[in-house]
Amino acid sequence: MTKYGFLNELDQLLSGLDTDERKEILEDYEEHFAFAKRAGKSDEEVMTLMGMPADIAREILENKVEGGFFEESDTYKLQEEALNKQAAALDEKAKALEEKLAAQAKILEEQAEALAAQKEAQEHTGFGHQVGSLVDTLTETVGTVVESVSEVITETFEHELASLPENAVESETLIQEVVEMTGVKNVVIKARNQKVDIRKTTYPTARVRLTRGVLAMKVENDTLYIESREIKRKFRISGLISIELSAELKIDLPEQVYDLIQAKTSNAKMAVSDIELDQLNLESSNGKLEIHTTKANELALQTSNGKIEVKDSTGHVHAKTTNGKIELTRIEGCVNVKSTNGKLEFEGITGDIEATTTNGKIKLDNHIIDQQVKMTTSNARIEITLQDKPEHATFELLTSHAKTKLFETDRNYDVFGDGRHQVKLSTSHAKIEVGLETDA
Amino acid sequence: MNVQFKKGALALCVLAIVSKRDCYGYELTEKISQQIDISEGSIYPLLRRLTKEAYFTTYLVESSGGPSRKYYRLTEKGKDYLEEMRSQWLSFAKGVNQLLEEE
């Protein structure tokens, strides 16, 4: 670790303190480094004598609570106040959610009533009874899709970096490292405000490049850990605004079947292509996720305010975003997808489809329906276009205040063959259309 | 060694050194680490705590060409505290020594 790495780590660990105090503490240590240098000691020597940043930080933070007859009570008071504020905010959120749920329940009730009326009117047509159960199943659908998606995603992101690599390299220009990958089955990546790009290489070793910043790596057991972050120039430049240039972490992995690849970044895009593995976990915030020609068993993808795009890939796709579009094209496998305020677009999906969004259109272009399909949105259209009519499927289309179109009819329920593939589509205030490509 | 015990002893050393003359942080770590094996990084949190408890005051001295030095000076309150700790330590050490030398 370099001196800056040391100071930076200490700074991070003390992020709970206010800026002035943190600055003072760091200045003490900088002064120490400066004097030691004049005495002919290298930064490495100084750091060895100094102890770990984590221990120093702990001591400072412990002192903060136990020491100081005057500060003590204030510290506690501030902590308590902050906690109270958090609790109040959570209460408010809970209340808002409750209200939202109550409103949704009311809408569904109204729909149920409307359907009951419809059912009465249609009793003699023979499929009125089907409509009644439709409401129940669709209500259920909404609940289970939301739950299953968030469960998978929180579960898979639970294992964090156990310990951080300490051999950090810092540079204003390209850092390039080669890693021996014999026996490595897992790759765990953590970046901050940096683009992450993972792809296959034909070389037997992995190549890790960071255009600029701080890069640390280690191989432990069968896992390669990579951590990168931006250079912070906050020392001794008070009054100046430092501009962070965007940096990119590029990871070329030798061809093999990995057990797990997990990558986390923030405010930046992540891309994965041509990788074969069991489990892929990607998490970004405010950034796009892009997966191409990747073969996995499970793909857990999560971002916010960003698009998720998966193309020409295999595996069970779990994707979750807010305020972002989700686009899945030519996927061999099932998909569970959730967005809010985002469009959902599917093309050529072979497995079951569960899709939930609000205020976003849902579109599916498939050759045929040969799977279970559940789609839920509100205030937006659902459109399914097929090349051939399904052999065995049951269609249930539910919308309010709008029309449904099912293969050139205005029906909202129909059975093909033995009806074994359930297609349940639900929205409100918008049209639902299921048709053939040739009709359009 | 017991952590709390070591911390107390280190505080006593720091107070004693500064009572003789004002010192800056690096000077203190050098002086102490010549005699006792410590993590040098832990001196600074200690200095902060003692300053916060008003046993020390600090002042900056700029030096030409080198880094500026933050000096620590013992206050009246600090002197009282040092005396109290010194007598506690001496009676404790005396007791331990006697027990060790007993046949």
Test for B:T51: is it within 14 Å of chain A (Cβ to nearest Cβ) and touching a strand residue (DSSP E or B) at 6+ places or on another chain (Cβ under 7 Å): yes
Tell me which helices (runs of 4 or more DSSP H) are completely within chain B and hold 3 or more residues being at pLDDT 90 or above and surrounded by fewer than 19 Cβ atoms within 10 Å (Cβ to Cβ), or say none if there are none. B:3-20, B:25-35, B:76-101
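Which one of A:A355, A:A380 is assigned to a strand (DSSP E or B) and in contact (Cβ under 8 Å) with a residue 24 or more places away in the chain?
Exactly one residue qualifies, and that residue is A:A355.
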Could you check, for the range A:353-368, whether at least one of its residues is of a type in the set (G, A, S), on the phi < 0 side of the Ramachandran plot and surrounded by fewer than 18 Cβ atoms within 10 Å (Cβ to Cβ)? no
In the range B:61-73, what residues are over 21 Å from A:P53 (Cβ atoms) and either at the interface with another protein chain (Cβ under 10 Å from one of its Cβ atoms) or under 14 Å from the mean Cα position of the chain (by Cα) (or both)? B:G65, B:G66, B:S68, B:R69, B:Y71, B:Y72, B:R73
In the range B:18-34, residues that are more than 9 Å from chain A (Cβ to nearest Cβ) and touching a residue at least 12 places away in the same chain (Cβ under 8 Å) total 7
For the range A:22-62: of the residues being acidic (D, E) and more than 9 Å from chain B (Cβ to nearest Cβ), which is surrounded by the most Cβ atoms within 10 Å (Cβ to Cβ)? A:D43
Sole exception among (1) of a type in the set (A, V, I, L, M); (2) touching a helix residue (DSSP H, G or I) at 6+ places or on another chain (Cβ under 9 Å); (3) within 25 Å of A:A36 (Cα to Cα) for B:L82, by number: (3)
I'd like the full set of residues that are touching a Ser or Thr at 6+ places or on another chain (Cβ under 6 Å) and either modelled with pLDDT of 90 or more or among the charged types (D, E, K, R) (or both), limited to the range A:387-418. A:L397, A:L398, A:V415
Here the residues within the range A:320-331 that are free of Cβ contacts under 8 Å to residues at least 60 places away in the same chain and part of a strand (DSSP E or B) are A:I326, A:E327, A:L328, A:T329, A:R330, A:I331
For a quick check of your reading: which strands (runs of 3 or more DSSP E) sit entirely within the range A:389-434 and have at least 1 residues that are of a type in the set (G, A, S)? A:393-398, A:421-426
What number of residues within the range A:1-24 are among the aliphatic types (A, V, I, L, M) and over 25 Å from A:S171 (Cα atoms)? 1
State which residue is farthest from the other protein chains (Cβ to nearest Cβ) when the search covers only the range A:12-21 and only residues that are of a type in the set (D, E) and in a helix (DSSP H, G or I). A:D20
Based on this model, can you work out whether A:G315 counts as within 19 Å of the chain's Cα centre (by Cα), under 22 Å from A:E290 (Cβ atoms) and outside any loop (DSSP other than H, G, I, E, B)? yes
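Report yes if some residue within the range A:28-35 is more than 17 Å from B:Y44 (Cα to Cα) and either without any contact (Cβ under 8 Å) to a residue 60 or more places away in the chain or outside any helix (DSSP H, G or I) (or both); otherwise report no.
no
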Out of the range A:1-12, which residues are under 14 Å from A:A57 (Cβ atoms) and buried (at least 17 other Cβ atoms within 10 Å of the Cβ)? A:F6, A:L7, A:N8, A:E9, A:L10, A:D11
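The values are calculated or read from the model by the stated rules, or taken from the named source; none is laboratory data. These numbers come from a predicted model, not from an experiment. With ideal geometry, Cβ positions are generated from the backbone for all residues, glycine too; neighbour counts draw on all protein chains shown.
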